[in-house]
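What follows draws every value from the coordinates through simple rules; no lab data is involved. Just so we're clear, the structure is a prediction, and the values are computed from it rather than from any experiment. We place every Cβ from the backbone using ideal geometry, glycine too, and count neighbours over all the protein chains shown.
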Amino acid sequence: MTPQNVLMEKRGQIAHVILNRPPLNVIDIATLNELNDAFTTFRSDESKVIVLRANGKAFSAGVDIKDHTPDKVKTMMKALEDVFNTLMELEQPLIGAIHGATLGGGMEFATACDLVIAAENTQLGQPEIQVGVFPPIACALLPRLLSWPRAMEFVLLGESINAQQALALGLVNRVVPLERLDQETEAIAAKLADMSGPVLKLTKRAARIGLNSSTDFRQKMAELNEIYLNQLMKLSDAQEGLQAFMEKRKAHWKDQ
């Protein structure tokens, strides 16, 4: 069956996953499954970078309340877990382009991205506590990205912040006018697509090791050295990049 709630586009080596339930892109179980299918498809193709964006007046107002009822909640939680497992295993850089209401599950998807470009009208928040539940993905991700008090402010108070406040907290990389959101996102994606795909993947893999707070520094460095010496330096692109720099020319990537 052709997906209706999620669109997939390819522009060269840039893949786009687009929420398509305007105006608010409320995420139901079917949408979670379609998102998982889209990310799974692009994870295994030649895309160098993946962009997550949305049609309509909001990125996403969150997961559908109707799917939290006792007869659906287990299915919903399984679908949510599946798509975020896929997201966290993506090797390619993932860029989030967000605008308008980015709440609940919408903010969780934004938080899971590697880079986030926000329109000036963006509002981010985890309002789940106000309807008697908590945001599981936010509870897993926010304490890694923010101080404990800031993370708990999101999940305990359920209040929203604007794009500039999110920029100050480091939750987004750039804030741009709404009319320039697509242009700015595409420009950053194009920069990444101009780099070596295998080197981008290894860099992201290495950075994840640094994010793992349960590993001491010596172990992290042992794992990073293994990636650097036994994986990165065996790529022809690594040799090409270094040689091109020394020869003061543009690198010509060969690895896929």
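General remarks:
- Rounded to the nearest 10 degrees, the inclination of helix 197-211 to the longest alpha-carbon principal axis of the chain is 60 degrees.
- The distance linking region 109-136 with region 142-212 is 12 Å (Cα centroid to Cα centroid, whole angstrom).
- Spin-label pair ALA168/ARG144, simplified geometry with 7 Å Cα→Cβ offset, distance in nm: 2.6 nm
- Antiparallel bridge percentage (DSSP; both residues within region 65-173; nearest 5): 30 percent
- The chain: angle of helix 136-145 to the longest principal axis, Cα-based, in degrees nearest 10: 50 degrees
- Helix 73-88 axis, angle to the chain major axis (alpha carbon atoms, nearest 10°): 20 degrees
- Fraction of antiparallel bridges per DSSP, the chain only, in percent to nearest 5: 30 percent
- Ranked by the mean number of other Cβ atoms within 10 Å per residue, highest first, peptides 20-27, 229-236, 51-58 order as 51-58, 20-27, 229-236.
- Relative to the Cα centre, the charge distribution of region 197-246, modelled as +1 at Lys and Arg Cβ and -1 at Asp and Glu Cβ, gives a dipole magnitude of about 160 debye.
- Positive end of the dipole of the chain (Cβ unit charges, origin at the Cα centre): among ALA54, LEU19, ASN225, the Cα lying farthest that way belongs to ASN225.
- Working from the Cα coordinates of region 19-94, the gyration tensor eigenvalues give, after taking √(5λ), semi-axes of 23, 16, 8 Å in decreasing order.
- Estimated from helical segments only, the mean residue ellipticity of the chain at 222 nm is -14000 deg cm²/dmol, where each DSSP H run of four or more residues counts as -39500 (n - 2.57).
- Shown for region 53-200: lysine pairs separated by 8 or more places, or found on different chains, whose C-alpha atoms are under 29 Å apart, numbering 6.
- Scanning residues 5 or more positions from GLU120 or on other chains, those with amide H under 5 Å from its amide H are VAL176, LEU178, with H placed 1.01 Å from N in the peptide plane.
- Most positive-pole-ward Cα, MET246, ILE161, ALA110, against dipole of the chain from beta carbon charges: MET246
- 3J(HN,Hα) couplings calculated from phi for region 6-18 with the Karplus curve 6.51 cos²θ - 1.76 cosθ + 1.60 (θ = phi - 60°) are, in sequence order, 9, 9, 10, 9, 10, 10, x, 9, 10, 9, 10, 10, 10 Hz; Gly and Pro show x.
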